[in-house]
Every structure is written in structure tokens, then in C-alpha cells.
Amino acid sequence: MVNPNLKSIIRDLPVSPGVYQYFDESGVIIYVGKAKNIRKRVSSYFRSRLDLKTTHLIHRIHHIEPIITKNEHEALLLENQLIKHYQPHFNILLKDDKTYPYIKVTTQEPFPRIIITRHKSNDGATYFGPYTSVGSIRKLNHVIGNLFPIRDCKQPIDRVKHQPKCIKLDIGKCIGPCIYKNIYDEYRTLINQCILFLEGKSDDLIQKMRDDMMAFSAQQAYEKAAKCRDHIHQLEAIQSQQMVELDTHFPHFFIGFSSNDHYHYGIFQQYVRKRFVAQHGKYASATMALSAFVDEFLSGIVPDMPNKTRVIIHSDYELALATYPHIQVLSPTKGYLYERLLITELNAQKSLIGLSKHYITNQLPSPLQLLHHDLTLSQMPHIIFGCDISHYYGTNIVSSVVVFIDGKPAKSYYRHFNITSVTSGKSDDVKSMKETVHRLLDHYDLSPDLLLIDGGKGQLNAALSALNAHNRWIDCIGLAKKNEDIYTPYATAPISLPHHHRGLQLLRFVRDEAHRFALNFQRKKRRIY
């Protein structure tokens, strides 16, 4: 049955260009799409005659989340990135490794050339893009060839030996680095001009083309003037495409806030390795002071951000981040980061227009609720202990215990142990895990609701044996690294949750934190001895 609240959700969706994400009742993204007009595109799913696949899709939709973009080109790029990141079940296209094309300038070569490629690699070349149209990028390449007489041949050309020339030298389309070796500086100047143009720093060049167009027109050389006009249009069309990428690999969080008479809303857009990966928001009643809501919202996401994360936020909220020295806070007033911040704030504002009532009363289940239900736990896992083993080729065996309370790390409860039951010089993770659980039961006054073991059936059985020896019953599961399968005491086969199940994401976080804590202690121990 289709969620009856969807009609009111659709009515309040923005009419802007952007991306829409469909979530199922477990909070898993099942479809990502793009649109010139989000509301019009989403409503078309519910008005026309549908095929079987689309009918099945709309019956699974529990929640719709729009992401507004600056233009349709940006929406195309963002759709591509989100589909590749989340691999939604109902998306067929864009799941493979193909992506929108880039322009590659082989600056690692003595005489660089320009290539159109779909794969961006760490090869020392300079890349521009991605661009949403192969046709327009090929036109751009043609325009560049007319503006800058740069080679496009595939043969390697060095600064010493003569190479065979081609017809482009004879017709003036290339200055001939294959033959003329004394033009290195001139050629590099052309490459630098081309790079400036591709970076969008080409206003003078475009103005010169306009001047040429007017001069040709005054001379009644209308064919040449028309070519200049076409080139200008092509260049402006290409340069108008915005990249949903950033210029560094540092993690970025763009944070925006909005309020009305009834609710506050905070939102963040997350970029990892230059790419947009997620947008998340949180509501609160307007009876709470906005400053208190901002502090609560930031305290829920900022402490767990990696070191050197860049947080882009309006200057009004800068002081709320002063107590977090591990991040870099930016409040731009112009440029690309400023534009992205404005779009984030626009998403926050649009999320309050008619949507707040629905989302407040129809909250998606929390990761803890999902784990309680989907793993059939005896109680809500408010307190989770995570255990892992680390060793160096069978020596210096240690273990770690990390504690999460209500889904957040409680680092004051973290502990590590030197393993003493395994002394043969060979690792024995099963025996080591049994000792770890024995010792944590003796050590902690705090009792876990869920014990998460890093490993499969063997490690889980070792933990259960330790629990039985202490006459304790605690929900205990094992999370295997290979396929993220979950092993439980009451099922013969492992449980496989969807890759983007928010409960599974929390378990991975606990497991990875236990691994990090054990590994750091093990490395420290090796340095001491």
C-alpha cells in the first residue's frame, strides 16, 4: 500500500532543479533521480500509468528527501555520485564504473596534449570536469584546438629527438613540437593559457573573441563572425556547468540552519574525497532556543569528524564551533564554497515549508530501533560494547573494548587488555576473544545491552562461552568483515542487512572503532618493547 502521507509530501516539494531520494521504511535509499523541477518529476510517478517495476517502487517509498542544486547540470553530476555511492536497488543506470567525462591535460609530458576520458587517475595529469554532456565536451575540445594550436597526436614527443610530423602542422593547427624543439617555452605558455581557460579564468579570452566577432561583422566577414559567435556560446555553455566536487581531499561539511514559528531545522551536506555523499537533517521544536538547538545539532556530528575536516558554516554560528580544535571552520562570503553554503541553507529553508509536520510525526526509526527489530534483540541496545583483537604476526597480542551509549562513542569507558592466555607465538583469535570477554565482565560495572564481537561464528561462540561461565545473558552478535554478515546465537545462517541499513552502519562504526583502538595500543606496545 502506498504511504498516504506521500501526497502532502509531494505537494510541498521544491520546484527547483535538484535530486530526489526515495527511502524505504528502514531508512535505506532505494532510488535516486534528478529533475529540472523536483515536485513535477516526483508527482509524475503517481499520475501516469506505471510499469511493474515503478509500481513496486512507489509501494516501497516511505520518505522522500529532496536536495536542491544550482542548476540541472549540477543535478546530473550529483545524481551520478549518489548512485555510485549508495547503489540503490531500483537504479539500473550509472551503477557501473562509468562516469561523466573529464578533460585531461597531460601536464606530466614535456609537450602536453588534451584527452577526453571517463576515468580520473593519479597519473600526474591535470583534470577538469566532470562534464554532463559528451557532445558538448567534444565541441569544447574542438574549440580549444582552434584557440590553442596544441597537439592531439598519440605519439610520445620529447625535447631532443625529432618525431614524424602530421598534417596539422602544415595547416596551422599545431605549432609542431614534433619537429621544432626550440618552442618548449612557447608551447608551455599555450598550455598554461589553456589551463586558465579550463579553470574558468578566461574572461579576457572571451572578450577578445567578442571583439573579433564585431570586427569580422564590420568587415562583412559574416562567416568568420558566426564562427566566433558559436565558439562563444559553446564556451559559455560549458563554463556554466557547476562541478559537484571540491578542490581538496579534506572532508567537508556544509552546515545550514532554518527556523519558523514551529520548528528549528539543521542540515549538513557531506563531501568525502571531493565528492558529495550525503545530506542529513534534524528537527526540533521552536520552544527550544535556537542557540541551544545549534549546540545540540553540532555536538551530535562534530566530535566524530576526522581531523582537518573543513566545516563551512554561516558566521553567526562560528562561535558554537570554537571548542572543537580538530576541525577547520570557514565562513566564506564569496566564491565556490560560499555558493555551496547558500545552497545548503536553501535546502534547510525548503525542508521547513510544509514538510516539518510530516517528518516530526513520521520519524524514521533510529539505528538502535532498527537493530532491536531486525536482529530480534531482547532489548533496545542503548549501551553497545565492541571487542576486537590485534597482534603482530602472533606476538604482542592485545584486545580492545569500546563503548557506545545511544549510538555515540563514550571514550572514557574504552579499555584495552594484554592477552595472556595465548603464549605460543601463534595468534588464536578465538581464545583471545574468550579471555577479553571474561576480563571485561570482571572489569566493568557498566552492563552492555549488546556485545559486538569482531569476527564470525568461532569468535561469537568463544564470547558466549565466557558469558555462560559468568552466568550472564547479554545479547551478543559477531560481525564478519568479509561480507558484513551478522552472526547470532539463535540462527544457523548469518543475517545479511542491506549495505546502507543505518543499524549496520552503526555496527560497522563500533567495529572499526574497536579495531582502531586495539591497533593503536598494539603499535604502542611494540614501540615500548
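Tabulated values for the structure
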| item | result |
| --- | --- |
| Top-ranked residue of region 38-59 - restricted to ones that are closer than 12 Å to Leu13 by Cβ and charged (D, E, K, R), ranked as surrounded by the most Cβ atoms within 10 Å (Cβ to Cβ) | Arg39 |
| Residues located in region 266-289, provided they are surrounded by fewer than 16 Cβ atoms within 10 Å (Cβ to Cβ), under 23 Å from Thr323 (Cβ atoms) and in contact with a strand residue (DSSP E or B) (Cβ under 8 Å, 6 or more places away or on another chain) | His280, Lys282, Met288 |
| Residues being over 21 Å from Gln108 (Cβ atoms) and part of a helix (DSSP H, G or I) - total across region 149-203 | 6 |
| Test: residue in region 482-501 that is in contact with a Phe, Trp or Tyr (Cβ under 9 Å, 6 or more places away or on another chain), within 13 Å of Phe385 (Cα to Cα) and touching a residue at least 24 places away in the same chain (Cβ under 8 Å) | no |
| Subset of region 58-70 (residues that are closer than 12 Å to Val32 by Cβ and among the hydrophobic types (A, V, I, L, M, F, W, C)) | Ile64, Ile67 |
| Residue that is surrounded by the fewest Cβ atoms within 10 Å (Cβ to Cβ), among those in region 412-432 that are closer than 21 Å to Lys524 by Cβ and hydrophobic (A, V, I, L, M, F, W, C) | Val422 |
| Members of region 306-365 that are modelled with pLDDT under 90, crowded, with 16+ Cβ neighbours inside 10 Å and basic (Lys, Arg) | Arg340, Lys350 |
| Yes/no for Arg340 being part of a strand (DSSP E or B) and outside the structural domain of Ile10 (by TED's automatic domain parsing) | no |
| Of the criteria (1) in contact with a His (Cβ under 7 Å, 6 or more places away or on another chain); (2) part of a helix (DSSP H, G or I); (3) at pLDDT below 85, which one Leu370 fails | (3) |
| Any strands (runs of 3 or more DSSP E) falling wholly within region 414-483 and containing at least 3 residues that are touching a Leu at 6+ places or on another chain (Cβ under 9 Å) | 450-454, 475-479 |
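Residues are listed down the side, and each one gets a yes or a no for (1) outside any loop (DSSP other than H, G, I, E, B); (2) out of contact with any strand residue (DSSP E or B) (no Cβ under 7 Å at 6 or more places or on another chain):
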residue: Pro489; (1), (2): no, no
residue: Thr492; (1), (2): no, yes
residue: Gly503; (1), (2): yes, yes
residue: Leu507; (1), (2): yes, no
residue: Asp512; (1), (2): yes, yes
residue: Arg516; (1), (2): yes, yes
residue: Phe521; (1), (2): yes, no
residue: Lys525; (1), (2): yes, no
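So that you can scan it fast, the table gives a plain yes or no per residue for (1) among the hydrophobic types (A, V, I, L, M, F, W, C); (2) within 22 Å of Ile405 (Cα to Cα); (3) surrounded by 14 or more Cβ atoms within 10 Å (Cβ to Cβ); (4) assigned by TED's automatic domain parsing to the domain that holds His280:
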{"position": "Ser465", "(1), (2), (3), (4)": "no, no, yes, no"}
{"position": "Asn468", "(1), (2), (3), (4)": "no, no, no, no"}
{"position": "Leu506", "(1), (2), (3), (4)": "yes, yes, yes, no"}
{"position": "Val510", "(1), (2), (3), (4)": "yes, yes, yes, no"}
{"position": "Phe521", "(1), (2), (3), (4)": "yes, no, yes, no"}
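The values are calculated or read from the model by the stated rules, or taken from the named source; none is laboratory data. The shown structure was predicted, so the numbers you read here are calculated from the model rather than taken from an experiment. Every residue, glycine as well, gets a Cβ built from its backbone with ideal geometry; the counts of neighbours run over all protein chains shown.
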